[in-house]
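Each remark here refers to the structure printed beneath this line.
The values are calculated or read from the model by the stated rules, or taken from the named source; none is laboratory data. Since we're looking at a predicted model, the values are computed, not measured. Glycine gets a Cβ as well: all are built from the backbone with ideal geometry, and neighbour counts include every protein chain shown.
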Amino acid sequence: MAQSNFSFSDRLFFGGNIFFEAGDWRTDIDVSPIVGYYITPRLSAGTGITYRYLNYKLGQNPDGTWHRFETHIWGFRPFTNYVIINNVGEWIPIVGDFRIFAHFEYEALKYEKRVFPEGPWQHNILGGGGLRLPMGRRSSANIFLLWYIYSKPQNPYSTGLTWRIGFNF
C-alpha cells in the first residue's frame with residue numbers, strides 16, 4: 001500500500017525497552033521510551049529518552065561493610081531505522097514472518113559529576129541491526145544488536161557491544 005494513503009497519526013509509533021537486573025552484586029534498571037515516525041514503509045526515524053540506575057558492590061571495606069557504586073544516568077537518543085528484508089519467510093520458507101533491519105542512533109547521556117569528573121555528558125554513536133517480529137497491524141517485538149562506533153571510556157556498558165529487546169505499537 002502506498003505510504004501516501006496513511007495519515008500523520010498512522011505513521012507515528014511508540015514503544016521502547018525496559019531492562020531490569022538485580023542480584024547480590026549488581027542492580028541495573030533501564031527505562032527507555034521512544035516515539036517515531038514512518039517516513040516510508042521501510043524507513044523510520046524518531047527519538048527517545050533514557051533513565052538508567054546502576055548499583056554495584058565494588059569490594060568489602062575493612063569493617064566488613066560493602067563499598068558500593070551507585071549512580072543515575074539520564075539521556076536522549078535520536079535514531080533512524082531501515083528494514084532491509086521485509087519478510088524473511090519469503091527467502092527462507094522454514095522461517096516465520098519477521099524483518100531484518102539496520103539501526104543507527106546518537107546517544108547523549110548525562111552522568112552525575114561526582115561519579116565522572118571528566119564531564120557530565122557522554123556522547124555515543126551506535127550502529128547495528130536486529131530482528132522485528134510483527135505482532136499485529138501496528139505492533140512488533142524487536143531485538144537489537146548494536147556496536148559502539150564512537151564512545152568515551154566512561155561508557156556505562158561493559159563492552160563495545162550492547163543488545164536490547166523492545167516493543168513498538
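In this structure, is residue 54 farther than 20 Å from residue 163 by Cβ and either acidic (Asp, Glu) or in contact (Cβ under 8 Å) with a residue 24 or more places away in the chain (or both)?
no
When restricted to residues that are assigned to a strand (DSSP E or B) and touching an Asp or Glu at 6+ places or on another chain (Cβ under 9 Å), segment 127-147 contains 4. Anything in segment 10-48 that is polar (S, T, N, Q) and either assigned to a strand (DSSP E or B) or farther than 15 Å from residue 80 by Cβ (or both)? List them, or say none. Within segment 10-48, 17, 27, 32, 44, 47 qualify.
Quick check: anything in segment 133-151 at pLDDT below 85, touching a strand residue (DSSP E or B) at 6+ places or on another chain (Cβ under 9 Å) and not β-branched (Val, Ile, Thr)? So far as segment 133-151 goes, yes, one or more of its residues are at pLDDT below 85, touching a strand residue (DSSP E or B) at 6+ places or on another chain (Cβ under 9 Å) and not β-branched (Val, Ile, Thr).
For residue 41, the conditions (1) in contact with a helix residue (DSSP H, G or I) (Cβ under 9 Å, 6 or more places away or on another chain); (2) modelled with pLDDT of 95 or more are fulfilled apart from (2).
So which of 61, 87 ends up being without any contact (Cβ under 8 Å) to a residue 24 or more places away in the chain and either surrounded by 15 or more Cβ atoms within 10 Å (Cβ to Cβ) or under 18 Å from residue 129 (Cα atoms) (or both)? Even if it seems obvious, please write down each step before you answer.
Values: 61 fails: either surrounded by 15 or more Cβ atoms within 10 Å (Cβ to Cβ) or under 18 Å from residue 129 (Cα atoms) (or both).
Criteria check complete, one pass: 87.
For segment 11-38, a residue qualifies if it is within 17 Å of the chain's Cα centre (by Cα) and closer than 17 Å to residue 139 by Cβ, and the qualifying residues are 13, 14, 15, 16, 17, 18, 33, 34, 35, 36, 37. Residues in segment 40-52 that are surrounded by fewer than 14 Cβ atoms within 10 Å (Cβ to Cβ) and of a type in the set (S, T, N, Q): how many? Qualifying residue count for the region: 1. Annotation: of all residues in segment 1-39 being without any contact (Cβ under 8 Å) to a residue 40 or more places away in the chain, among the hydroxyl-bearing types (Ser, Thr, Tyr) and more than 17 Å from residue 134 (Cβ to Cβ), the one that is surrounded by the most Cβ atoms within 10 Å (Cβ to Cβ) is 27.
Any idea which of 102, 108 is surrounded by 12 or more Cβ atoms within 10 Å (Cβ to Cβ), in a strand (DSSP E or B) and at pLDDT below 95? Full working, then the answer.
Working: 102 fails: at pLDDT below 95.
Checking each option against the conditions leaves just 108.
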